[in-house]
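Student: Got a structure for you, written out below as structure tokens; questions coming shortly.
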Amino acid sequence: MIRWLRWLLLLLIVRPIARFLTGADVTGREHLPLKGPAIVAANHNSHMDTLLLLSIFPSGAVMRVRPAAAADYFLKDPVIGWFSRNMIGIVPVARDKVASGEDVLAPAREALAAGDIIVVFPEGTRGDATDEMARLKSGVARLAEAFPEAPVTPVWIQGAGRVLPKGEVIPVPMNCAVLVGAPLHWHGRRTEFMDGLRDALLKLKAQAPPLRWS
């Protein structure tokens, strides 16, 4: 029952809202993975990023899409936590337990092992509305290393930080762009992998069209 509710929510509510607020122009949609295990790595400036990414997958694949999200933010309230887990389908990442040495990527690896498509934001947190990319964290490389058969698809989201900036709760309709690049694959070296991912994201950013009001 919950699975069907999630499917209806994503297709009948999330998708129309995301499209109305962003009018998203999607380039490279053919590169999106349709089955897992697979990883989508995107820049991150807004909570709108997650809704936008969920809205661009075809209906046959969207139920496999699981956004990685901060457990300390989305699970602190029981109601929001239930909704985030069951309706949005988040994979919780306990950022506050990194220093303790706890394996915070275990839920993401379990989801990949189950054949899901994990959406990760390697910057680790939302940036501002300028679309500048922060330093990438290496968690995505560790996931790629654990699942070398999983493609890692870079995605650049242009403008979502202006639709719903960090700290705001009321979105402003504005055209955004989503650029999907060719997938990368693990080749055995974390530093080279992360450099390649950063280069791929920056190349997509350079191809993004100018923003305009929706």
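Student: Sort out which residues of region 51-81 are within 17 Å of the chain's Cα centre (by Cα) and more than 16 Å from Val14 (Cβ to Cβ), and write them in order of number.
Tutor: Listed by number, the residues that qualify are Ala68, Ala70, Ala71, Tyr73.
Student: Of the numbered conditions (1) hydroxyl-bearing (Ser, Thr, Tyr); (2) more than 15 Å from the chain's Cα centre (by Cα); (3) at pLDDT 80 or above, Ser84 fails exactly one; give the number of that condition.
Tutor: Only one criterion in (1) hydroxyl-bearing (Ser, Thr, Tyr); (2) more than 15 Å from the chain's Cα centre (by Cα); (3) at pLDDT 80 or above is unmet by Ser84, namely (2).
Student: Now for a separate question. Here are some conditions: (1) surrounded by fewer than 17 Cβ atoms within 10 Å (Cβ to Cβ); (2) over 28 Å from Arg19 (Cβ atoms); (3) touching a helix residue (DSSP H, G or I) at 6+ places or on another chain (Cβ under 8 Å); (4) not charged (D, E, K, R). Ala182 meets all but one. Which one does it not meet?
Tutor: (2)
Student: Residue by residue through region 17-29, note down the ones that are in contact (Cβ under 8 Å) with a residue 40 or more places away in the chain and in a helix (DSSP H, G or I). Step through it out loud before you land on a result.
Tutor: Our first condition is that a residue be in contact (Cβ under 8 Å) with a residue 40 or more places away in the chain; within region 17-29, this holds for 20-29.
Within region 17-29, Phe20, Leu21, Thr22, Arg29 meet the criteria.
Student: Can you give me the number of residues within region 49-90 that are assigned to a helix (DSSP H, G or I) and either within 16 Å of Arg19 (Cβ to Cβ) or touching a His at 6+ places or on another chain (Cβ under 7 Å) (or both)?
Tutor: If we filter region 49-90 for residues that are assigned to a helix (DSSP H, G or I), which is where we start, we get 49-56, 62-64, 71-74, 78-88.
So of that shortlist, the ones also either within 16 Å of Arg19 (Cβ to Cβ) or touching a His at 6+ places or on another chain (Cβ under 7 Å) (or both) come out as 49-56, 62.
Adding up the residues that qualify gives 9.
Student: Follow-up. Restricting attention to region 189-211, which residues are more than 23 Å from Val26 (Cβ to Cβ) and in contact (Cβ under 8 Å) with a residue 24 or more places away in the chain?
Tutor: Arg190, Phe193, Met194
Student: Specify the residue that is farthest from Gly167 (Cα to Cα); the eligible residues are those in region 25-50 that are within 15 Å of the chain's Cα centre (by Cα) and small (Gly, Ala, Ser).
Tutor: Gly36
Student: Just a yes or no: is a residue in region 30-47 exposed (fewer than 14 other Cβ atoms within 10 Å of the Cβ), outside any loop (DSSP other than H, G, I, E, B) and at pLDDT 95 or above? Show your work before the answer.
Tutor: To start, the set of residues in region 30-47 that are exposed (fewer than 14 other Cβ atoms within 10 Å of the Cβ) comprises 30, 34-35.
Subset that is outside any loop (DSSP other than H, G, I, E, B): 30.
With the extra rule that they be at pLDDT 95 or above, the set shrinks to 30.
Yes, some residue in region 30-47 is exposed (fewer than 14 other Cβ atoms within 10 Å of the Cβ), outside any loop (DSSP other than H, G, I, E, B) and at pLDDT 95 or above.
Student: Test Ala113 against the stated conditions and say whether it is aliphatic (A, V, I, L, M), modelled with pLDDT of 90 or more and closer than 23 Å to Pro33 by Cα. Write out each step before concluding.
Tutor: Numbers: aliphatic (A, V, I, L, M): yes; modelled with pLDDT of 90 or more: yes; closer than 23 Å to Pro33 by Cα: yes.
Yes; evaluated as a whole, the condition is true for this residue.
Student: Sort through Asp103, Asp72, Asp96, Asp25 and tell me the only one that's within 24 Å of Leu204 (Cβ to Cβ), acidic (Asp, Glu) and at pLDDT below 95. Quick ask: steps written out before the conclusion?
Tutor: On the way: Asp103 fails: within 24 Å of Leu204 (Cβ to Cβ); Asp72 fails: within 24 Å of Leu204 (Cβ to Cβ); Asp96 fails: within 24 Å of Leu204 (Cβ to Cβ).
Just a single option satisfies the conditions, and that option is Asp25.
The values are calculated or read from the model by the stated rules, or taken from the named source; none is laboratory data. Keep in mind it's a predicted model, so treat the numbers as computed, not measured. Methodologically, a virtual Cβ is constructed for each residue, glycine included, from the backbone with ideal geometry; neighbour enumeration extends over all protein chains shown.
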